[in-house]
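Where a number appears in this text, it was derived from the coordinates with a stated rule and is not lab data. Bear in mind that the values here come from a model prediction, so they are computed numbers and not experimental data. Ideal geometry is used to build each Cβ from the backbone, glycine not excepted, and the neighbour counts take in all protein chains shown.
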Amino acid sequence: MFVQPITNLMTSAFGNVWNKYFQNNPDVWDRMYRRDYSRKLDSDGQQARNFVLAGIIHSSGIACPRVLDVGCGNGSLLRLMGRQPIEYFGLDLSTTAIEEARDKWANKYPNAQFEVADFHSLSSSDSRLSEKFDFVVFNEVLYYFPLEDIERVLENARSHLAPKGEILISMSENPKAQIIWRRCLTKLTVLFEHYVQSGMFTAWKVKAFR
């Protein structure tokens with residue numbers, strides 16, 4: 001009776017690690033969300049980084065900030081950011097995640113859009129992104145991109161920013177993240193850095209760049 005739950009847990013955990021370090025596969029994400037990956041994203045232990053990200057946006061003084069949430073998943077960050085007027089565009093590789101996000105938030109936040117899309121495929125001339133954003137957010141997302149693509153991803157993010165826009169990045173502590181942080185410094189200027197810990201074994205760095 002315990003075989004299937006254990007198999008699901010191992011498959012989900014392995015799929016997440018494989019995606020993070022080797023291959024960002026939409027099919028793996030769909031399977032993880034169908035196995036209730038959203039429960040982890042919505043858990044109290046995951047909210048510390050979301051509070052910091054939402055706090056940066058709330059404290060910007062922008063009356064109705066435009067936010068591009070890359071790898072938005074089920075829209076868990078919108079739950080906090082949406083407490084103020086906001087124009088939100090969330091995109092994710094997972095069809096399952098986007099369907100869940102629309103079901104959760106479409107009626108509550110009419111200025112929020114969710115699309116299934118690969119960030120690589122979105123250029124600054126894309127009609128869905130015709131206006132620049134005040135914030136481009138990579139919330140536990142950037143290390144799912146291949147290392148060889150990081151600089152290109154950052155350049156693409158900058159192309160979507162308004163003149164005083166910021167790129168917000170959250171990553172948990174792992175070897176790949178350390179490499180990516182160093183690469184960020186070759187392309188961007190740090191405006192804000194905060195270390196966030198939730199419990200004994202969960203921690204993130206949250207940084208704002210321009």
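When DSSP beta bridges are restricted to pairs lying wholly in the chain, around 40% turn out antiparallel.
A Förster radius of 30 Å combined with the Cβ-Cβ distance from residue 27 to residue 113 puts the calculated FRET efficiency at roughly 0.80. One way to sum up the overall shape of the chain is the equivalent ellipsoid from its Cα gyration tensor, whose semi-axes run 25, 20, 17 Å, largest first. Footprinting exposure proxy ranking of 72, 64, 184, fewest other C-beta atoms within 10 angstrom first, gives 64, 184, 72.
Between amide H atoms placed 1.01 Å from N, distances below 5 Å from residue 162 occur with 133, 134, all of them 5 or more places distant or on a separate chain.
What shape does region 94-202 have by the C-alpha gyration tensor, where a ≥ b ≥ c are the square roots of the eigenvalues, rounded means a/c under 1.5, and otherwise prolate means a/b greater than b/c and oblate the rest? Here region 94-202 falls in the oblate category. Residues whose amide H comes within less than 5 Å of that of residue 90, counting only those at least five positions distant or on another chain, are 69, 113, 114, 115 (H built at 1.01 Å from N in the peptide plane). Seen through its C-alpha gyration tensor, with square-root eigenvalues sorted a ≥ b ≥ c, region 39-114 comes out oblate because a/c lies at 1.5 or above while a/b is not bigger than b/c.
Taking 0.36 nm per intervening residue step and subtracting the Cα-Cα distance, what contour gain separates residue 151 from residue 202 on full extension?
Values: separation 51, 0.36 × 51 = 18.36 nm, distance 2.69 nm.
Difference between extended and current length: 15.7 nm.
In this simple spin-label approximation, residue 106 and residue 131 carry label points 7 Å from Cα along the Cα→Cβ vector, and these lie 2.2 nm apart. Normalised by the number of residues in region 74-156, the mean separation of alpha-carbon contacts (under 8 Å, six or more apart) gives a relative contact order of 26 percent.
Counting only lysines at least 8 places from residue 176 when in the same chain, those with an alpha carbon closer than 19 Å to its own are 20, 187, 205, 207.
Considering Cα pairs under 8 angstrom that are at least six residues apart, work out the relative contact order of the chain and quote it in whole percent.
Working: 320 pairs, mean separation 40.6, N = 210.
In percent, rounded to a whole number, it is 19.
About its Cα centre, region 42-209 has a charge dipole of approximately 460 debye under the convention of +1 per Lys or Arg Cβ and -1 per Asp or Glu Cβ, with nothing else charged.
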